1. Considering the range 156-185 alone, what residues qualify as being part of a helix (DSSP H, G or I), surrounded by 20 or more Cβ atoms within 10 Å (Cβ to Cβ) and among the small types (Gly, Ala, Ser)?
2. Looking only at the range 202-225, filter to residues that are at pLDDT 90 or above and in contact with a helix residue (DSSP H, G or I) (Cβ under 9 Å, 6 or more places away or on another chain); which one of those is farthest from SER3 (Cα to Cα)?
3. Pairs, please: C-beta under 8 Å, at least 6 apart or cross-chain, first residue over 12 Å from PRO180 (Cα atoms) and in the range 1-22, second among the polar types (S, T, N, Q) and outside any loop (DSSP other than H, G, I, E, B)?
4. Say we look at the range 74-109 and pick out the residues that are modelled with pLDDT under 90 and outside any helix (DSSP H, G or I); which of these is nearest to ALA36 (Cα to Cα)?
5. Could you go through the range 11-26 and let me know if any residue there is within 22 Å of the chain's Cα centre (by Cα), surrounded by fewer than 18 Cβ atoms within 10 Å (Cβ to Cβ) and not hydroxyl-bearing (Ser, Thr, Tyr).
6. Restricting to the range 74-120, count the residues that are free of Cβ contacts under 8 Å to residues at least 60 places away in the same chain and among the basic types (Lys, Arg).
7. Return only the number of the condition from (1) over 15 Å from the mean Cα position of the chain (by Cα); (2) surrounded by 15 or more Cβ atoms within 10 Å (Cβ to Cβ); (3) at pLDDT 90 or above that ALA38 does not satisfy.
8. Give the range 186-229 a look and list any residue that's β-branched (Val, Ile, Thr) and assigned to a helix (DSSP H, G or I), or say none.
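The values are calculated or read from the model by the stated rules, or taken from the named source; none is laboratory data. Since we're looking at a predicted model, the values are computed, not measured. Cβ atoms come from the backbone with ideal geometry, glycine included; neighbour counts cover every protein chain shown.
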Amino acid sequence: MPSQPPGAGHPLGTDVLGRDVLWLVLHGGASVLGSALAALLIGMAAGVPLGLLAAGPRRGLDEWVMRGLDLLLAFPGLLVLMALAATGHRDGYWLVTVAGVLQVPSVARLVRGAALAPGTRTVVEALRMQGRGWAYINLRHLARELAAPLATDAGGRFSVVLYLLAAANFLGLGLPVSSPDWAVLIERNSDALFTQPAAVLVPAGLLTALCVGGNLLVDRALARGRRGR
């Protein structure tokens with residue numbers, strides 16, 4: 001039966017399609033977490049090399065790279081996803097890929113700023129004068145310097161990506177209405193909020209907990225790393 005309150009056999013009740021809410025939120029969690037992490041990895045994988053490239057000795061290259069990234073940064077993320085959906089690209093692959101690409105400018109700017117910081121830049125210039133190559137400078141020296149800023153940014157960026165993907169799925173721009181994704185469940189069951197609130201409040205609470213919990217885990221890991229030094 002659709003929109004049944006919690007009871008025997010259904011600890012969290014059923015949704016508007018008569019499906020068990022507990023089963024849906026357990027299976028939907030993998031979709032939510034996997035999509036957010038995949039988009040975050042795409043943003044990091046593309047943003048870090050571009051930031052290092054912009055921080056290199058060639059000022060003209062820096063200007064061209066940053067101009068292109070600033071142009072991408074000017075487009076609101078949700079508007080881009082709406083335009084993508086309007087072209088017929090509504091599957092999860094496109095949603096995650098574009099959400100990840102939208103993170104590239106911010107990640108690249110962070111990496112560039114950290115690599116061009118006065119103290120770091122002095123060491124890099126000294127290594128270049130010693131004849132050290134790009135791989136040594138970036139993979140050995142800058143990697144250590146950028147680890148903490150990138151980890152801190154990843155915690156906050158995870159929340160940004162999670163919000164963007166959830167908003168897109170809530171608006172029907174990504175996954176189909178039959179998906180167990182938490183944002184889809186919230187939208188699908190919103191009309192039955194007062195008759196079966198668990199179908200809306202549980203996935204909403206889990207999204208909030210995942211967002212806050214991700215930041216707390218990163219902060220705790222960084223604090224342990226600082227104490228271990």
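1. Passing the criteria: ALA166, ALA168, ALA183.
2. To start, the set of residues in the range 202-225 that are at pLDDT 90 or above comprises 202-210.
Now narrow it down to the ones that are in contact with a helix residue (DSSP H, G or I) (Cβ under 9 Å, 6 or more places away or on another chain): 202-204, 206-207, 210.
On the way: VAL202: 14, PRO203: 15, ALA204: 17, LEU206: 19, LEU207: 21, LEU210: 25 Å.
Among those that are at pLDDT 90 or above and in contact with a helix residue (DSSP H, G or I) (Cβ under 9 Å, 6 or more places away or on another chain), it is LEU210.
3. MET1/THR14; PRO2/THR14; SER3/THR14; SER3/ASN189; GLN4/THR14; VAL16/ASN189
4. Checking each candidate, the answer is ASP91.
5. Yes: the range 11-26 contains one or more residues that are within 22 Å of the chain's Cα centre (by Cα), surrounded by fewer than 18 Cβ atoms within 10 Å (Cβ to Cβ) and not hydroxyl-bearing (Ser, Thr, Tyr).
6. Number of matching residues: 1.
7. In the conditions (1) over 15 Å from the mean Cα position of the chain (by Cα); (2) surrounded by 15 or more Cβ atoms within 10 Å (Cβ to Cβ); (3) at pLDDT 90 or above, ALA38 misses (1) alone.
8. Of the residues in the range 186-229, the ones β-branched (Val, Ile, Thr) are 186, 195, 200, 202, 208, 212, 218.
Passing the criteria: ILE186, VAL200, VAL202, THR208, VAL212, VAL218.
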